[in-house]
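As structure tokens, the structure follows; a few thoughts come after it.
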Amino acid sequence: MSDFNILTPDGWIRGQLQHRHGRVTSIRGTPCNPQDNRLPYLLPGFIDLHVHGGGGSDIMEGADGFATIARTHLRFGTTSLLATTMTAPAAEIRQILEQLGGYCQRRASDTARVLGVHLEGPYINPGKLGAQPNHAHAALLAEVEDYLQLAPVKVITIAPEIAGHVELIKTLSSRGVRLQIGHTLGSYEEGVKALEAGATSFTHLYNAMSSLHHREPGIVGAALAHARYAELIPDLLHVHPGAIRVALRSIPCLYCVTDSTAATGMPDGEYKLGSHTVTKCLGGVRLADGTLAGSTLTMDQALRNLVKIGLPLAEASQRLSQFPADYLGIDERGRLQEGNWADAVYLDRDLKLTAVMVEGETLELKNA
């Protein structure tokens, strides 16, 4: 068996990883600098906390597409993810959560693990929908509690300026739900108040939120000044590399997501995003009016993009694996160390994926 440059919490190891029953049993080798050899890389599997679809399927289309989505993202190195809903009528959200509740209890062969749900809406500002359908409404605790009974809802995107939302943030954060500020026209002060109430992150930083101005810092200003965590889409289309650098210097545990749609891994054409029809072309996904509507980004490309703009490979990996795991409070994923799930990505020296391992099951990539 060949050696790899293995990224561990203690740094790079030149050696081999052993696993059994889906868990890492040992990492044997010696400390190294990957620049001193030409060996391939072994990194922790990617964790994507914002996935709407992939492989032609959309989460809101129901259970028939869940495995397709999880299988598609595994091919690009994502070993675990959050299934992300769209703003929709309550009955539709409830139906999808019922189906996701059952799906999250198991993992089909050759698919990524679905850790739970990111509820992106309907508790957002109707004046900042982005590509969300217009079914936004103020949150009701009883409705949220119903949703929590149906599926493992790990993250909820919320606009803090809506009446009653700060109080809801306090209540839900005390129960372990992570509240993210997003799709919001809130002020800097409202963003800070939400963080003080227990909000813990920002949904696709910079996008669909009030922007930074030196006299009105907005939600972006609140994030850059105060956040420990925030998600960002590094497709180099949603956010300029310079703005990414600003966020990297300001937010210690900035982590990356794809905000991927059904168009991910598919040719150009029309696809569903919730109740919307979107078009994939010119490297992006848009509504008919030109509004960006999620992305076709994959996590392996996100890694290459971060390295392209100047991040060391180890740091780029952290922002795709360790930090999202930390954000969810999961210590058995996102790091390659003894006892953790054997989730890993194998990459050549050009950072092209050659294989993916999820819970000890290895998928060799034919196009490698």
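The conditions are (1) closer than 27 Å to Asp58 by Cβ; (2) outside any loop (DSSP other than H, G, I, E, B), and Gly290 fails exactly one of them. Which is it? The one condition Gly290 does not meet is (2). The set of residues in segment 90-111 that are under 13 Å from Gly65 (Cα atoms), over 20 Å from the mean Cα position of the chain (by Cα) and part of a helix (DSSP H, G or I) contains only Gln99.
The conditions of being over 21 Å from the mean Cα position of the chain (by Cα), surrounded by 24 or more Cβ atoms within 10 Å (Cβ to Cβ) and under 24 Å from Asp259 (Cα atoms) are met by Ala194.
Residue count for segment 112-122, restricted to those that are surrounded by 23 or more Cβ atoms within 10 Å (Cβ to Cβ) and either of a type in the set (Gly, Ala, Ser) or more than 19 Å from the chain's Cα centre (by Cα) (or both): 2. Is there any pair with a first residue in segment 164-178 that is at pLDDT 95 or above and a second that is among the aromatic types (Phe, Trp, Tyr) whose Cβ atoms are under 9 Å apart and which are 6 or more apart or on different chains, and what are they? Correct list of pairs: His165/Tyr123; Leu168/Tyr123; Arg178/Tyr229; Arg178/Tyr327.
Check segment 297-313 and report whether any residue there is within 17 Å of the chain's Cα centre (by Cα), at negative phi and assigned to a loop (DSSP other than H, G, I, E, B). Steps first, answer last, please.
Of segment 297-313, the ones within 17 Å of the chain's Cα centre (by Cα) are 297-306.
Cutting the leftovers down to at negative phi gives us 297-306.
Those still in the list that are assigned to a loop (DSSP other than H, G, I, E, B) too: 297-298.
Scanning segment 297-313 turns up at least one residue that is within 17 Å of the chain's Cα centre (by Cα), at negative phi and assigned to a loop (DSSP other than H, G, I, E, B).
Condition test on Ala108, is it under 26 Å from Val285 (Cα atoms) and either modelled with pLDDT of 95 or more or surrounded by fewer than 22 Cβ atoms within 10 Å (Cβ to Cβ) (or both)? So Ala108 fails the test.
Residue-level check: of (1) on the phi < 0 side of the Ramachandran plot; (2) under 19 Å from the mean Cα position of the chain (by Cα), Leu150 misses just (2). Every test in (1) buried (at least 22 other Cβ atoms within 10 Å of the Cβ); (2) assigned to a loop (DSSP other than H, G, I, E, B) is passed by Val155 save one, and that test is (2).
Taking each residue of segment 254-270 that is at positive phi and looking for partners that are assigned to a strand (DSSP E or B) with beta-carbon atoms closer than 7 Å, six or more apart or interchain, yields Asp259/His50; Asp259/Ser295; Gly265/Gly54; Gly269/Lys280. Taking every residue in segment 97-113 that is over 19 Å from Met357 (Cβ atoms) and pairing it with any residue that is in a helix (DSSP H, G or I), at least 6 positions away or on another chain, the pairs with Cβ-Cβ distances below 7 Å are Leu97/Tyr147; Leu97/Leu150; Glu98/Leu150; Gln99/Ala63; Gly101/Leu150; Tyr103/Ala63; Tyr103/Phe66. The criterion of being at pLDDT 95 or above, in a loop (DSSP other than H, G, I, E, B) and within 23 Å of Ala314 (Cα to Cα) does not hold for His214.
Evaluating Asp64 against the criteria (1) modelled with pLDDT of 95 or more; (2) at negative phi leaves one unmet condition, (1).
Scanning for something touching a His at 6+ places or on another chain (Cβ under 8 Å), over 19 Å from Gly274 (Cα atoms), modelled with pLDDT of 95 or more and not aromatic (Phe, Trp, Tyr), does segment 87-100 turn up at least one residue? Can you show your working first?
We begin by selecting, within segment 87-100, every residue touching a His at 6+ places or on another chain (Cβ under 8 Å); these are 87-89.
Filter once more, keeping what is over 19 Å from Gly274 (Cα atoms): none.
So far as segment 87-100 goes, no, none of its residues is touching a His at 6+ places or on another chain (Cβ under 8 Å), over 19 Å from Gly274 (Cα atoms), modelled with pLDDT of 95 or more and not aromatic (Phe, Trp, Tyr).
Name every residue in segment 314-332 that is outside any helix (DSSP H, G or I) and aromatic (Phe, Trp, Tyr), in order of residue number.
Keep residues of segment 314-332 that are outside any helix (DSSP H, G or I), which gives 319-321, 329-332.
Passing the criteria: none in range.
Restricting attention to segment 273-296, the residues that are more than 25 Å from Ile96 (Cα to Cα), under 20 Å from the mean Cα position of the chain (by Cα) and either at pLDDT 90 or above or surrounded by fewer than 17 Cβ atoms within 10 Å (Cβ to Cβ) (or both) add up to 1. Kindly check whether there is at least one residue in segment 11-21 that is within 21 Å of the chain's Cα centre (by Cα) and touching a residue at least 12 places away in the same chain (Cβ under 8 Å). Checked segment 11-21: no residue is within 21 Å of the chain's Cα centre (by Cα) and touching a residue at least 12 places away in the same chain (Cβ under 8 Å).
The values are calculated or read from the model by the stated rules, or taken from the named source; none is laboratory data. Not measured: the values here are computed from a predicted model. Glycine gets a Cβ as well: all are built from the backbone with ideal geometry, and neighbour counts include every protein chain shown.
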